[in-house]
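What follows is one structure encoded as structure tokens, with my remarks underneath.
The values are calculated or read from the model by the stated rules, or taken from the named source; none is laboratory data. Since the model is a prediction, treat every value here as computed from it, not as a measurement. Glycine also receives a Cβ, built like all others from the backbone with ideal geometry; neighbour counts cover every protein chain displayed. To get the accessible areas, we keep the full protein, side chains included, count just its heavy atoms, and leave off ligands, DNA and RNA. Shrake-Rupley method; radii C 1.70, N 1.55, O 1.52, S 1.80 Å.
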Amino acid sequence: VQLLMAFRLPTEGKIYFDGRDAATLSRRTIRHNISCVLQRAGIYSGTIRENIAMGRPGASEEELMEAAAVAQMADYIKAQPEGLDHRLEQAGKNLSGGQKQRVSIARAVLKNAPIYLFDDSFSALDFKTDVAVRKALGEHVNDSTVFIVAQRVSTILSADQILVLDEGTIVGKGTHKELMQTCEEYRQIAESQLSPSEIAASLGTDSERQV
């Protein structure tokens, strides 16, 4: 994550964005083209509108609500008397962990960047909301490159490519089906998190493909 966001430089090899060496690009350019959601949601004192609009200042109310809908935050906003102008406390103290992450996801969606980076940013969501958010994201950002860092296998089941890390080393690479056959570490994680019926279903159907 830090390499992609240019907070660190690679000690070996190079990172390319659309064929251009990242070392030749300014950090401003790199970060402008990446919409990042961290595990620890950044919520600031102010309204929901102000927090989401940080993704793209000047966005219309319709665009804000569309981003909120993708993040499964629209119903919460509509339930507040002030709507988008509902005030949030510093660090989002008047929100649950999942609601904080959904505000951050809405902010990222609103930015509409060519690259999305979700750094374990679904961890506070319940499984039902996790599925709903990922499905909506898949429909909304299908023209973008999306990276998802996750500890829950269910979050990345339909990824086009999964990298399995063990102590910082890549020990597996492929789709879920491929890794279940070729990577012992991945199979152990999957079997510890998913029921036998869920594993069977994941191997028997090729559902929505995301990233």
(message) Looking at the stretch 68-84 only, could you name the residues that are more than 21 Å from residue 131 (Cβ to Cβ) and either buried (at least 18 other Cβ atoms within 10 Å of the Cβ) or touching a Lys or Arg at 6+ places or on another chain (Cβ under 6 Å) (or both)?
(response) 84
(message) Looking at the stretch 67-84 only, could you name the residues that are closer than 23 Å to residue 40 by Cα and free of Cβ contacts under 8 Å to residues at least 60 places away in the same chain?
(response) 67, 68, 73, 74, 75, 76, 77, 84
(message) So residue 139 ticks every box in (1) crowded, with 16+ Cβ neighbours inside 10 Å; (2) out of contact with any Lys or Arg (no Cβ under 7 Å at 6 or more places or on another chain) but one. Which box is left unticked?
(response) (1)
(request) Please specify each residue of the stretch 112-128 satisfying the condition of being at pLDDT 90 or above and open to solvent by less than 60 Å² (accessible area, probe 1.4 Å). (result) 113, 115, 116, 117, 118, 119
(request) Please enumerate the residues belonging to the stretch 85-97 that are part of a helix (DSSP H, G or I), open to solvent by 10 Å² or more (accessible area, probe 1.4 Å) and either touching a helix residue (DSSP H, G or I) at 6+ places or on another chain (Cβ under 7 Å) or without any contact (Cβ under 8 Å) to a residue 12 or more places away in the chain (or both). (result) 85
(request) Check off (1) over 18 Å from the mean Cα position of the chain (by Cα); (2) at pLDDT 95 or above; (3) not charged (D, E, K, R) for residue 52 and give me the number that stays unchecked. (result) (1)
(message) So in the stretch 18-37, with the set limited to residues that are in contact (Cβ under 8 Å) with a residue 60 or more places away in the chain and of a type in the set (A, V, I, L, M, F, W, C), which one is farthest from residue 5 (Cα to Cα)?
(response) 37
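Can you tell me which residue is nearest to residue 119 (Cα to Cα) among those in the stretch 41-67 that are charged (D, E, K, R) and surrounded by 15 or more Cβ atoms within 10 Å (Cβ to Cβ)?
For the stretch 41-67, the residue satisfying everything is 56.
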(request) Run down 156, 162 and say which single residue is under 23 Å from the mean Cα position of the chain (by Cα), open to solvent by less than 30 Å² (accessible area, probe 1.4 Å) and modelled with pLDDT of 95 or more. (result) 162
(message) For residue 12, only one of the following conditions fails: (1) part of a loop (DSSP other than H, G, I, E, B); (2) surrounded by 18 or more Cβ atoms within 10 Å (Cβ to Cβ); (3) among the charged types (D, E, K, R). What is its number?
(response) (2)
(message) For the condition basic (Lys, Arg), within 24 Å of residue 204 (Cβ to Cβ) and touching a residue at least 40 places away in the same chain (Cβ under 8 Å), what is the one hit in 128, 111, 100, 135?
(response) 135
(message) Out of the residues in the stretch 183-197 meeting the condition of being in contact (Cβ under 8 Å) with a residue 12 or more places away in the chain and surrounded by fewer than 16 Cβ atoms within 10 Å (Cβ to Cβ), tell me which one is nearest to residue 158 (Cα to Cα).
(response) 193
